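Here is the structure we will look at, set down as structure tokens.
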Amino acid sequence: MLYFYSEMKLVIFDLDQTLVDLLSVYDEAKEKSFRKVFGIDARLSKVDFADRSLSENSVELARIKSVSEKVFREKRHQLLENYEMFFVESIPKDASRYILPGAKELLERLSKTDNLIVLYTSNSPGIVDSVFKATDLGKYFKFSFYGTQAETRADMIRQAVEKAKELIGREFESKDIVIIGGLHQGCRMRQTV
């Protein structure tokens, strides 16, 4: 399928604290997964998780809790699996109350334009799928990039721009890219995209 929109923008949304506020669910899942895998109490709210990928947040939390690099590397995959499992178990079937004010209305209006709407998030695909099911927000996004696909948020944005280029068949210049959420990282990205 070919697309041609001279005014099309690539609109890249972050998920957490931009569209939804599920911090309590994330915090509980992180605590349970660290307790199961490393035998320690560790909560996501103990680190500055803004603008970081899922990998970066886990590494920082392990460092703060004195988990050795070697042990962390050996159990990293197990930690992610448990984190995703506990999150999916904890999120309510209807999580519409966690959608931030105005988020759904903005996505609805954007979906009626020629803009390409995509998601980048520090989360894994399984977590995003469960959020989309519980909030019905998934229908607005052409594709998503996850924290398990890239080491940093900047890498996710670069990959999103590349995928959009492949999908649409044209370059997206900086003036054609709008990043909503994760603004600290997004501001640095505007100069490197």
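The values are calculated or read from the model by the stated rules, or taken from the named source; none is laboratory data. This is a predicted model, so every value here is computed, not measured. Positions of Cβ are generated from backbone atoms using ideal geometry, with glycine treated the same way; all protein chains shown enter the neighbour counts.
Numbers for the structure displayed
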{"read-out": "Members of region 41-62 that are surrounded by fewer than 16 Cβ atoms within 10 Å (Cβ to Cβ) and either in contact with a Phe, Trp or Tyr (Cβ under 6 Å, 6 or more places away or on another chain) or modelled with pLDDT under 80 (or both)", "value": "SER45, LYS46, ASP48"}
{"read-out": "Tabulated pairs, region 85-106, first at negative phi and without any contact (Cβ under 8 Å) to a residue 12 or more places away in the chain, second assigned to a loop (DSSP other than H, G, I, E, B) and aliphatic (A, V, I, L, M), C-beta under 9 angstrom, 6+ apart or interchain", "value": "LEU106/LEU19"}
{"read-out": "When residues of region 97-140 are limited to those that are in contact with a helix residue (DSSP H, G or I) (Cβ under 6 Å, 6 or more places away or on another chain) and among the small types (Gly, Ala, Ser), the one nearest to LEU10 (Cα to Cα)", "value": "SER111"}
{"read-out": "Answer from TYR140, TYR120 - the residue that is hydroxyl-bearing (Ser, Thr, Tyr), in contact with a Phe, Trp or Tyr (Cβ under 6 Å, 6 or more places away or on another chain) and in the same structural domain as GLN17 (by TED's automatic domain parsing)", "value": "TYR120"}
